[in-house]
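Notes to accompany the following structure.
The values are calculated or read from the model by the stated rules, or taken from the named source; none is laboratory data. This one's a predicted model, so the numbers in the text were calculated from it and none came from an experiment. For neighbour counting, all protein chains shown are included, and Cβ atoms are generated from backbone atoms with ideal geometry for every residue, glycine included. To get the accessible areas, we keep the full protein, side chains included, count just its heavy atoms, and leave off ligands, DNA and RNA. Shrake-Rupley method; radii C 1.70, N 1.55, O 1.52, S 1.80 Å.
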Amino acid sequence: MRRLFALALCGALLLSPAMGREESGFTDVPGDAWYAGEADYCAQLGLMNGTGGGRFSPDGAVTVGELMTVCARLHSHFNGTGWDLPKAPDTWGTGAIYAGSGVKLFDFTEKDIALTLDWQFLWDNFTLYLKVDEKTAQALTPAGDEGAGAELELNGVRLPGGSLAPEFGGDGVAPSIALKMPVSEALREAVFAFQSAAGPEVWCRDALYYLEQQGLRSLPGPWSYQNQPDLEATRLDVAGWLRAVVPEDALSPINQVESLPDATASDVLDLYRAGILTGSDGYGRFQGGRGLTRAELCAVVSRAVDPARRVAFTLETPVYEGYSLTKLDTAGYQYQSPMERAWATGGSATPYSLQFTHIVDPSTQKYGYMDIQGKVVAGPIYDTVAEFCADGTAAVQKNGLWGYIDTAGREVVPCRYGWVQTDHDGVLFGLTGGYWSPERADTFQADGTVLGSFPMEGIGLYGGYAQGLCPFYRRDDSFDALPQGYLDPTGQAAFETPQAVLYDFSEGLAAVEDCETDTSFLRPDGSLAFSVPYSPGFGEAPFGFQDGLAVMKDEDERHGAIDTQGRVAIPFRYTWLEPFSDGMASYSREDGSSGYVDRAGKELPLDYQLLQPFSGGYAAVSAAGSGMGYIDKTGRQVTPLAFSYAGPVVDGRAVVETDEGLFVLRFGQN
């Protein structure tokens, strides 16, 4: 099965297949409209129909249901069976429960799974819960708790051997009844087939049934929304499915397209080369995360069917100036992909840490570090390595125990601890006995100088040290509320506080909550700086101040930011707002729009799918179906979106990855 990728679509249109076949001559399609010929062509073929009342709705957004129907008709046409699709069986997407006597007790469809049904496989037993009112439960289970024989029917397939009795539902809501059956391969197959089926209420079910019968059900993308036919399809969805149903021999190239600014997949390039897709500008930009109009889709599918309608073109070549690439020689070592590191660290990798590559000795599978200049700063002798932090140290594990090294590879804290803090800013912190059963704690400066050593008896931790203080709680064998607060590096309580939730210090302030009132911010001496009627907002970084602003959310879950005086700096208008970095933060709105906002609240709307934090004046971004590349603070794309990974920029340099390996990208050079 071909992989699905987004493609830049320009000039394409879809008609709602909910109506019967119509001739051309739509009342809302002017004769001189750029898509008029394609609209007439599609209607005459029966590939796409109008939306009723003689209308075509050319500016309407393409929906998932329309996309599935058009793609099914295209597949049928290219396989020699015409434009008309067979009807889905009446039983497809339907279910029923029968009494042992054969009397039908209850009907349902796949849509009801989210409304009145819940089911689960547990070991060798299968249970289908029906959430019904008490009267219905009594009527359906006259035998009471003893249960009665019952049969399950899914997609017209009868499965005997069940028992029906009253029971609490899978969500704990009563009253309900439960149909229990022993698990069999036939039952599993029937349940999974039912989950992918569409009931009679889904208007495009004929198309969905056809696609399943043709083995296209396993394709990713909009299939998972088959019971949401009115959901808007993206250009990613449209292009991916189009490539999947148009056969290889119908894609003879007429254009020479080697690359695109925002798409790298070969499937995408195939459709450009065939003249089916042309892009949204002279460079052929893809913009796969956007939706498209019915007029646009009509043009694309017309080209797919009729080679004479395909477009020959020559794309302009974007010119990117001011950067260079140098292959990073890993000296025969393997390396851990930066993208894998980002996932493994849960986002704790920083612009500083990503200037160091994790190298691996293929013969021992031990880890070490190489800097951005290609110098091995620590040979691969460690079981596990963490990220370097801005204090110039990194946690490493050897022989099952943890310690710290500096950027010269010197072991500033010996590997003798069961747990160490891997995300640190000047205080290195190790525990003997491990995090959950600590015995003793030692703290150090970044050069290995001892700051403190103290027993952990009666002390529990909420994390580690930040700006020299660590949130803690006192513990004993009771469940009573005990004092908590912040430890200094010697193990003494800097101060205690009655609040229930404690966050790390950042930029001289720490947020605390009692889960009932406002969020308060404390100074390092424990005094109250201010309180705000907002809750901490959570992005990919721990909550706190960055660039002088802290992201929070109001009672309506809208995100904004406050400054270090507690004043609203960024209005609460976003569905999501990442922490600020290099003066910018990525945002998303309820309408699906996204971009960056600066500290003054000025927005930079952008049409990318992935927006990474700014650092060094640049941010890594990617679009649907593309690799990663960089933009500057004006939103100008300064490199192609051609990297499988693009790291943060520090001192004008960044580590990037392609199929050929790791490279150092340098801005300001050609």
Exercise. Does any residue of the stretch 249-269 turn out to be under 21 Å from LEU74 (Cβ atoms), modelled with pLDDT of 90 or more and among the acidic types (Asp, Glu)?
Worked result: yes
Seminar exercise, completed: Just one listed residue, out of ALA207, ALA186, ALA139, is open to solvent by 40 Å² or more (accessible area, probe 1.4 Å) and at pLDDT 90 or above, and it is ALA186
Problem set entry | Scan of the stretch 173-217 for residues that are β-branched (Val, Ile, Thr) and either under 29 Å from the mean Cα position of the chain (by Cα) or in a strand (DSSP E or B) (or both), ordered by number | ILE177, VAL191, VAL202
Problem set entry | Failed condition for GLY80, given (1) crowded, with 20+ Cβ neighbours inside 10 Å; (2) on the phi > 0 side of the Ramachandran plot | (1)
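Taking the condition of being among the small types (Gly, Ala, Ser) and either closer than 22 Å to THR490 by Cα or crowded, with 20+ Cβ neighbours inside 10 Å (or both), how many residues in the stretch 393-411 meet it?
Matching residues across the stretch 393-411 total 3.
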For this session: Would you mind finding the one in GLY282, GLY199, GLY275, GLY289 that is surrounded by fewer than 24 Cβ atoms within 10 Å (Cβ to Cβ) and at positive phi?
Result: GLY275
Exercise. For VAL656, which of the numbered conditions (1) open to solvent by less than 20 Å² (accessible area, probe 1.4 Å); (2) without any contact (Cβ under 8 Å) to a residue 60 or more places away in the chain fails to hold?
Worked result: (2)
For this session: Filter the stretch 26-65 down to the residues that are of a type in the set (A, V, I, L, M) and in contact with a Leu (Cβ under 6 Å, 6 or more places away or on another chain), then identify the one that is modelled with the lowest pLDDT.
Result: VAL64
Seminar exercise, completed: All-but-one check, PRO471 against (1) surrounded by 14 or more Cβ atoms within 10 Å (Cβ to Cβ); (2) out of contact with any strand residue (DSSP E or B) (no Cβ under 8 Å at 6 or more places or on another chain), failing number (2)
Exercise. Given the structure, is ASP423 in contact (Cβ under 8 Å) with a residue 12 or more places away in the chain, charged (D, E, K, R) and assigned to a loop (DSSP other than H, G, I, E, B)?
Worked result: yes
Exercise. All but one of (1) of a type in the set (A, V, I, L, M); (2) within 30 Å of PHE614 (Cβ to Cβ); (3) modelled with pLDDT of 95 or more; (4) not in a loop (DSSP other than H, G, I, E, B) hold for LEU451; which doesn't?
Worked result: (2)
Exercise. Within the stretch 590-607, how many residues turn out to be surrounded by 12 or more Cβ atoms within 10 Å (Cβ to Cβ), on the phi < 0 side of the Ramachandran plot and not β-branched (Val, Ile, Thr)?
Worked result: 10
Problem set entry | Identity of the residue in the stretch 588-610, in a loop (DSSP other than H, G, I, E, B) and touching a Lys or Arg at 6+ places or on another chain (Cβ under 8 Å), that ends up nearest to ARG235 (Cα to Cα) | ASP607
Exercise. In this structure, does PRO414 turn out to be surrounded by fewer than 16 Cβ atoms within 10 Å (Cβ to Cβ) and free of Cβ contacts under 8 Å to residues at least 12 places away in the same chain?
Worked result: yes
Problem set entry | Subset tally (residues that are closer than 14 Å to TRP119 by Cβ and open to solvent by 50 Å² or more (accessible area, probe 1.4 Å)) for the stretch 147-167 | 1
For this session: Give TYR435, TYR503, TYR473, TYR486 a once-over and let me know the one that is on the phi < 0 side of the Ramachandran plot and not in a strand (DSSP E or B).
Result: TYR435
Exercise. Do we find a residue being hydroxyl-bearing (Ser, Thr, Tyr), open to solvent by less than 60 Å² (accessible area, probe 1.4 Å), touching a residue at least 24 places away in the same chain (Cβ under 8 Å) and touching a Leu at 6+ places or on another chain (Cβ under 6 Å) anywhere in the stretch 496-506?
Worked result: no
Problem set entry | All positions within the stretch 51-62 that are crowded, with 22+ Cβ neighbours inside 10 Å and under 11 Å from LEU297 (Cα atoms) | PRO58, VAL62
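Go through the stretch 567-587 residue by residue and tally those that are of a type in the set (Ser, Thr, Tyr), in a strand (DSSP E or B) and over 12 Å from ARG599 (Cα atoms).
Final tally of qualifying residues: 2.
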Exercise. Within the stretch 612-624, can one find any residue that is in a loop (DSSP other than H, G, I, E, B), in contact (Cβ under 8 Å) with a residue 60 or more places away in the chain and touching a strand residue (DSSP E or B) at 6+ places or on another chain (Cβ under 6 Å)?
Worked result: yes
For this session: Could you tell me which residue of the stretch 231-265 is surrounded by the most Cβ atoms within 10 Å (Cβ to Cβ), considering only residues that are assigned to a loop (DSSP other than H, G, I, E, B) and of a type in the set (Gly, Ala, Ser)?
Result: ALA263
Problem set entry | Selection count where residues are without any contact (Cβ under 8 Å) to a residue 40 or more places away in the chain and in contact with a Phe, Trp or Tyr (Cβ under 9 Å, 6 or more places away or on another chain), scope the stretch 426-451 | 13
Problem set entry | Residue, farthest from LEU208 (Cα to Cα), within the stretch 41-76, restricted to residues that are in a strand (DSSP E or B) and in contact with a strand residue (DSSP E or B) (Cβ under 9 Å, 6 or more places away or on another chain) | ALA61
